[in-house]
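*Asks:* Let me give you the structure first, and then I'll get to my questions.
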Amino acid sequence: MAVPDDRKYSEQHEWVLVTGDEDPAVARVGITDFAQGALGDIVFVQLPAEGDEVSAGEPLGEVESTKSVSDIYAPCNGTVRAHNADLDETPELVNSDPYGDGWLVEIIVSGDVADQLGELLDADGYQDLLDRS
Amino acid sequence: MLSGGIAVPSRVSSHRREIVGPLACPDMTAQRSPLHDRHDALGAKWADFGGWRMPVEYPGTGGGVLAEHLAVRQAVGIFDVSHLGKATVSGPGAAAFLNSCLSNDLDRIGPGQAQYTLCCDDASGGVVDDLIAYLRGPDEVFLVPNAANTAEVVRRLAAAAPANIAVTQQHADFVILAVQGPRSAQVLAAVGLPADHAYMSFTETAWQSSGGGSTSVIVCRTGYTGEHGYELIAPSAMGPALWDAVLDVGAEQGLRPAGLGARDTLRTEMGYPLHGQDLSLDITPNQARLGWAVGWDKPAFWGRTALRAEKQAGVGRLLWGLRSSGRGIIRPHLPVFDEAGMVVGETTSGTFSPSLRVGIGLALLNRGTAITSGSELQVDVRGRLLAVAVTKPPFVDSHVR
């Protein structure tokens, strides 16, 4: 699966998509196709509630497969606007559509978006990371 | 992201939290199954089990733990379990000698039958290993212990054996293929192997591969999935041909290659113990509800004194099933609390049940705490309290017969 070029990526194999022109900006967060493939069948996702504060680099939730638990890290400071409630009943959406319906949370970004997300990789940079590893 | 589990490549391991034992770091010294190249060609993900590098799942085939699990419950799957140990105890009175060591009573079965049994520590009664004994005759018994415990079981037996009884380690000499599921009999018939024998019996038969090779295969009506199934034991050199033949004829029956990830979810749904988690040197057969696999009236077996004393005094803790009441997943080694917030035990296994689509697990719970089937408890899952109901396994119906 090609790495979509409409969003940014972290070295922890998460993607961040700033949706629309909202002010303050809203960042949608998910895990990459590589990440879901490495984890295997996702059977449970623990996500923060609306209104929870998150801090860049800190765990905001967990993704579980039959055998493993993995932390999901916040890519920026902000407040949770929504989590993907469809994952309550169908966590396998993270496997089948990691860049679309398998998104995890939306975060209202605190402060300057360019500052907050500036360290992330673009699609080419992320593809390089995958190619190197 | 991305911590991940047993199958995650090491390059994304920085945040990994292990759930299932020392499986994460690929051990370059690990032994390889004779079927290693077959698994590689199928795009297997790997993990180390008891010093053997074995397939966890086959995403390359469109599989994965869930699909492989359901294939075994609804159709048929084939597992390579060649990492399991193999040893032969032979010589005059070999069966009688073994019967004075292992827990179950070999006199309950005859030649051509297999038995689940335990190797207990003589002093403590704790479980060194659980294994299958294949009684070939009074002078020969074939043993299949767990991979990690084979050397210790062989060592203990060899140390106790009289001079005219040999205990021979054969770990790498054979492959073991488990063909499991409601359509397993059709697959065996199609591949030219006997399939009509009774549960826990075995037969040795000559088998010819399409390539012209011929070998002797032991076909046993055993398995660890809770489904009707067979375990095929063949010389390692013939393993690939046998694997190929089963996959070839199995396609019509919906057969999937299944990894040890699915084997774990299948056995957990049945409440079958896994040594190293639900059984160990610190856990006795009484505590694990395996008294049925102990020949209590035998004059001698390892751990007899300790186990009879424990049974008489009343066991301090018992293995129960736990079923998640919410959406969270039970994991091994988590504390279990009662309503009052008192610790009443610890989980020993835990996973997601693909059949029930909820978290299930096994836990050793203290006696004398009024815990019984239906009791509501809580498991501390990394700081969150998960409501669970106590139950007596199996979690799904057994179809082994």
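*Asks:* Using a Förster radius of 56 Å, what is the FRET efficiency between A:Met1 and B:Asp196 based on their Cβ-Cβ separation? Nearest 0.05, please. Walk me through the intermediate numbers first.
*Replies:* On the way: r = 47 Å, r/R0 = 0.84.
Plugging the Cβ-Cβ distance into 1/(1 + (r/R0)^6) gives 0.75.
*Asks:* At a temperature of 37 °C and a viscosity of 0.692 mPa s, determine how fast chain A diffuses translationally according to Stokes-Einstein, using the Kirkwood radius over alpha-carbon pairs as Rh; express D in µm²/s, rounded to the nearest whole number.
*Replies:* Translational D for this selection: 223 µm²/s.
*Asks:* To continue, here is another question. Take the Cα of B:Arg155, step 7 Å along the line toward its Cβ, and report every residue of the range B:92-129 whose backbone nitrogen sits under 17 Å from that point.
*Replies:* Backbone N within reach: B:119-124, B:126-129.
*Asks:* Among A:Leu104, A:Leu129, B:Leu157, rank each residue by its count of other Cβ atoms within 10 Å, from fewest to most, as a rough exposure measure.
*Replies:* Working: A:Leu104 24, A:Leu129 18, B:Leu157 21.
Fewest to most other Cβ atoms nearby, the residues stand as A:Leu129, B:Leu157, A:Leu104.
*Asks:* Continuing with the same structure: At q = 0.14, 0.15, 0.16 Å⁻¹, what is the base-10 log of I(q)/I(0) for the range B:164-313 according to the Debye formula with one equal point scatterer per Cα and no solvent? Please give it to two decimals.
*Replies:* Scattering profile of the range B:164-313, log10 relative to I(0): -0.84, -0.92, -1.00.
*Asks:* Arrange the following residues from fewest to most other Cβ atoms within 10 Å of their Cβ: A:Trp103, B:Trp296. Provide the component values of the computation, followed by the final result.
*Replies:* Details: A:Trp103 23, B:Trp296 13.
So the ranking, lowest neighbour count to highest, is B:Trp296, A:Trp103.
*Asks:* Could you list which residues have their amide H under 5 Å from that of A:Phe44, counting only those 5 or more apart in sequence or on another chain, with H placed in the peptide plane?
*Replies:* Residues meeting the criterion, in which the H sits 1.01 Å from N, are A:Glu64.
*Asks:* Next question. With Rg and the Kirkwood Rh both taken from Cα atoms, where does Rg over Rh land for the range B:268-311? Provide the component values of the computation, followed by the final result.
*Replies:* Values: Rg = 11.3 Å, Rh = 11.4 Å.
Rg divided by Rh gives 0.99.
*Asks:* Rounded to the nearest 5, what is the percent of antiparallel bridges among the DSSP beta bridges in the protein assembly as shown?
*Replies:* Values: 109 of 115 bridges.
Percentage antiparallel, nearest 5: 95.
*Asks:* With r as the distance between the Cβ atoms of B:Thr205 and B:Thr305 and R0 = 45 Å, compute the FRET efficiency 1/(1 + (r/R0)^6) and round to 0.05. Don't skip to the end; give the middle numbers.
*Replies:* Values: r = 42 Å, r/R0 = 0.94.
Plugging the Cβ-Cβ distance into 1/(1 + (r/R0)^6) gives 0.60.
*Asks:* If you don't mind, another one. Between B:Ala189 and B:Gln74, what FRET efficiency follows from the Cβ-Cβ distance if R0 is 22 Å, with the result rounded to 0.05?
*Replies:* On the way: r = 19 Å, r/R0 = 0.87.
Computed FRET efficiency for B:Ala189 and B:Gln74: 0.70.
*Asks:* A further question on this structure: For the range B:39-142, what mean projected area does the convex hull of the alpha carbons give, in nm²?
*Replies:* On the way: hull surface 36.0 nm².
The number I arrive at for the range B:39-142 is 9.0 nm².
*Asks:* Please work out how much length the chain gains when fully extended from B:Arg367 to B:Arg382, using 0.36 nm per residue of separation minus the C-alpha to C-alpha distance, in nm with one decimal. List each step's numbers first, then the result.
*Replies:* Working: separation 15, 0.36 × 15 = 5.40 nm, distance 2.51 nm.
Extra length available between B:Arg367 and B:Arg382 comes to 2.9 nm.
*Asks:* Using θ = phi - 60° and the Karplus relation 6.51 cos²θ - 1.76 cosθ + 1.60, list the HN-Hα couplings for the range B:349-365 in order, rounded to whole Hz, with x at every Gly or Pro.
*Replies:* Here the 3J(HN,Hα) series is 9, x, 6, 8, 8, x, 6, 9, 6, 9, x, 9, x, 10, 8, 8, 10 Hz.
*Asks:* What are the ³J(HN,Hα) couplings of the range A:25-38, residue after residue, when phi is run through the Karplus curve with 6.51, -1.76, 1.60 and θ = phi - 60°? Round to Hz, x for glycine and proline.
*Replies:* Calculated HN-Hα couplings, in order: 5, 10, 10, 8, 10, x, 10, 7, 4, 4, 5, 5, x, 5 Hz.
*Asks:* Run through every distinct alpha carbon pair of the protein assembly as shown and return the Kirkwood hydrodynamic radius in angstroms, one decimal place. Display every interim value, and only then the final one.
*Replies:* Details: mean 1/r = 0.0404 Å⁻¹.
Its Kirkwood hydrodynamic radius stands at 24.8 Å.
*Asks:* What are the principal axis extents of the Cα atoms in the range B:193-261, in Å, biggest first?
*Replies:* In descending order, the Cα extents are 34, 25, 22 Å.
*Asks:* Please list, in chain and number order, the residues 5+ apart from B:Leu322 or on another chain whose amide H is under 5 Å from its amide H, with Hs placed from the backbone.
*Replies:* The list, which skips near neighbours in sequence, is B:Gly361, B:Leu362, B:Ala363, B:Thr391.
*Asks:* What's the Kirkwood radius of the range B:75-118 in Å, using all Cα pairs? Spell out each step's value before the answer.
*Replies:* On the way: mean 1/r = 0.0784 Å⁻¹.
Radius from the Kirkwood sum: 12.8 Å.
*Asks:* Moving to a separate point now. Just how far, in whole angstrom, is the range A:58-133 from the range B:69-129 if you go by their alpha carbon centroids?
*Replies:* 47 Å
*Asks:* Turning to a different aspect of this structure: Determine, for chain B, the count of lysine pairs separated by eight or more sequence positions (or lying on different chains) whose alpha-carbon distance falls under 30 Å. Present the calculation step by step, with values, prior to reporting the outcome.
*Replies:* Details: B:Lys45/B:Lys86; B:Lys86/B:Lys298; B:Lys298/B:Lys311; B:Lys298/B:Lys392; B:Lys311/B:Lys392.
Here the count comes out as 5.
*Asks:* I'm a student and want to see the number: the projected area of the Cα convex hull of chain B, averaged over all directions, in nm².
*Replies:* For the Cα atoms of chain B, the hull's average projected area reads 19.6 nm².
*Asks:* Still on this model: If each residue's Cβ is checked for other Cβ atoms within 10 Å, how do A:Asp52, A:Asp6 rank with the fewest at the top?
*Replies:* Numbers: A:Asp52 16, A:Asp6 9.
In increasing order of surrounding Cβ atoms, one gets A:Asp6, A:Asp52.
*Asks:* Any idea how far apart A:Ser96 and B:Ala30 come out in nm if each label point goes 7 Å out from Cα toward Cβ?
*Replies:* Modelled inter-label distance: 3.1 nm.
*Asks:* So, counting K/R as plus one and D/E as minus one, what does the shell of residues with Cβ under 13 Å around B:Tyr224 add up to? Write out the running numbers ahead of the final one.
*Replies:* Working: positive: B:Arg221, B:Arg263, B:Arg267; negative: B:Asp130, B:Glu227, B:Glu231, B:Asp264, B:Glu269, B:Asp278.
Counting the neighbours of B:Tyr224, the net charge comes to -3.
*Asks:* I need the phi-derived Karplus couplings for the range B:395-401: 6.51 cos²θ - 1.76 cosθ + 1.60, θ = phi - 60°, integer Hz, Gly and Pro marked x.
*Replies:* Residue by residue, the range B:395-401 yields 7, 10, 5, 7, 10, 5, 8 Hz.
*Asks:* Taking a spot 7 Å from the Cα of B:Ser216 along the direction of its beta carbon, which residues of the range B:127-161 have an amide N less than 13 Å from it?
*Replies:* B:136-137, B:140-142
*Asks:* Between B:Glu346 and B:Lys298, what length in nm is gained on full extension when 0.36 nm per residue of separation is reduced by their alpha carbon distance? Don't skip to the end; give the middle numbers.
*Replies:* Working: separation 48, 0.36 × 48 = 17.28 nm, distance 3.25 nm.
Taking B:Glu346 through B:Lys298 to full extension adds about 14.0 nm, to one decimal.
Laboratory data are not the source of any read-out in this text; all were calculated from the coordinates shown. Bear in mind the structure is a predicted one, so any value in this text is a computation, not a measurement. With ideal geometry, Cβ positions are generated from the backbone for all residues, glycine too; neighbour counts draw on all protein chains shown.
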